[in-house]
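**Q** To start, I am sharing the structure in question, which I have written as structure tokens.
Since every read-out is calculated from the coordinates, none of them should be taken as a lab result. Quick caveat: nothing in here was measured; it's all calculated off a predicted structure. We place every Cβ from the backbone using ideal geometry, glycine too, and count neighbours over all the protein chains shown.
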Amino acid sequence: MTLLEMLDRRNQAVSEAKGLNDGAMNEGRNFSKSEKSRYDGLMGEIRDLNEQITRAQELRAIENDLSKSQGTRATQYETLDGGVPIPEGAIVLRPEQRFSDFVPRP
């Protein structure tokens, strides 16, 4: 399931749980046995989805950080500022990066 699908499913489950709760509250009663069972199941699903969503978002953030922090390989069409061609396969660092950031330290 994609992150978007998980978010959508969680929203559906929250909406259904809220509907069950609002219905019982508006009628001034507790849940019936079947409503309680359904509500508890929805809340368990919401908790599980929250954990999965958190993991997916953490991994996405880490992947984004990694892609921003690592130099990229030049393609045959890239040029430096001023139009100087970059040899294909050369490692290109962003202005905020230093070569020493990528060399293991003893």
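**Q** Tell me, in nm to one decimal, what length is gained between Arg98 and Glu5 on full extension, where the rule is 0.36 nm per residue of separation less the Cα-Cα distance?
**A** 29.6 nm
**Q** Same structure again: In Å, what Kirkwood hydrodynamic radius results for segment 6-47 from the alpha-carbon pair distances? Before the final figure, lay out the partial values.
**A** Details: mean 1/r = 0.0960 Å⁻¹.
Every distinct Cα pair counted, the radius reaches 10.4 Å.
**Q** Could you give the length gained by full extension between Asn30 and Arg60, i.e. 0.36 nm per residue of separation minus their alpha carbon distance, to one decimal place? It would help to have the intermediate numbers written out before the result.
**A** Numbers: separation 30, 0.36 × 30 = 10.80 nm, distance 4.12 nm.
Working it through step by step, the gained length comes to 6.7 nm.
**Q** Whole-Hz Karplus ³J(HN,Hα) for segment 23-38, in order, using 6.51 cos²θ - 1.76 cosθ + 1.60 and θ = phi - 60°, x for Gly and Pro?
**A** Residue by residue, segment 23-38 yields x, 5, 5, 5, 8, x, 9, 7, 5, 6, 4, 5, 5, 4, 4, 5 Hz.
**Q** Report, in debye and to the nearest 20, how large the dipole of segment 1-64 comes out about its Cα centre when Lys and Arg carry +1 and Asp and Glu carry -1 on their Cβ.
**A** Numbers: 10 positive and 12 negative charges, 39 e Å.
Charge dipole of segment 1-64: 180 debye, to the nearest 20.
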